[in-house]
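No lab work stands behind these numbers, since they all come straight from the coordinates. Quick caveat: nothing in here was measured; it's all calculated off a predicted structure. Every residue, glycine as well, gets a Cβ built from its backbone with ideal geometry; the counts of neighbours run over all protein chains shown.
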Amino acid sequence: MKLVLSVAALSGLLAVALGAFGAHGLKAIISPEMLEVYKTGVQYQFYHTFALLAVGILMNFNQSNALKWSAYLFMTGIILFSGSLYVLAISGVNALGIITPCGGVTWIAAWILLFVHCRKLTSSK
């Protein structure tokens, strides 16, 4: 739980910093198309940082393997999806785009596991 909440806080910090860097530092350096790719990475990092934060809070009340793995998959997805988009946008190496869908699939699995955890909570009451 402590690790998950700490990673969520760090991810939020990085999303703000990377977003500011993209808006102010990259605007004049990369193409508008690649800036949009970069912005997508920031946007999805924020979404899944909030999800990770929620999972960390839930872990405080009720632990489960589904919840634990959901947290790990949200963290992995942030690295794979958003990280690959950042590197793609800055480097222009299109081959890195093949990593991005792996992050998306990882997030889908994380959301499924969060759903499974929540269904078990509601069915036990």
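Can you pull out the trypsin sites (Lys or Arg not before Pro) in region 59-123 whose DSSP state is coil and whose Cβ has at most 11 other Cβ atoms within 10 Å? Intermediate results must be reported in sequence, preceding the final value.
On the way: sites: K68, R119, K120; in loops: none.
Answer in residue order: no site qualifies.
Would you calculate the separation in nanometres between label points at W111 and E36, each defined as 7 Å from the Cα along the Cα-to-beta-carbon direction?
Going by the 7 Å Cα→Cβ label model, 2.2 nm.
Give the order of S84, S70 when sorted by the count of other beta carbons within 10 angstrom, beginning with the fewest.
Details: S84 20, S70 29.
Ordered by Cβ neighbours within 10 Å, fewest first: S84, S70.
Averaging over every viewing direction, what projected area does the convex hull of the Cα atoms of the chain cover, in nm²? Walk me through the numbers on the way to the answer.
Details: hull surface 29.6 nm².
That works out to 7.4 nm², a quarter of the Cα hull's surface.
Per DSSP helix of 4 or more residues, -39500 (n - 2.57); summed, then divided by the residues of the chain. What does that give at 222 nm, rounded to the nearest 500?
Details: 5 runs with 95 residues, N = 125.
Theoretical 222 nm ellipticity from helices: -26000 deg cm²/dmol.
Hydropathy first: keep DSSP H helices in the chain averaging at least -1.0 on Kyte-Doolittle, then drop any whose Cα extent along the axis falls short of 15 Å, and list what survives. Write down the numbers at each step before the final one.
Details: long enough: 2-20 (27 Å, 2.01); 32-61 (44 Å, 0.53); 65-77 (18 Å, 0.34); 100-123 (35 Å, 0.90).
Helices meeting the span and hydropathy rule in the chain are 2-20, 32-61, 65-77, 100-123.
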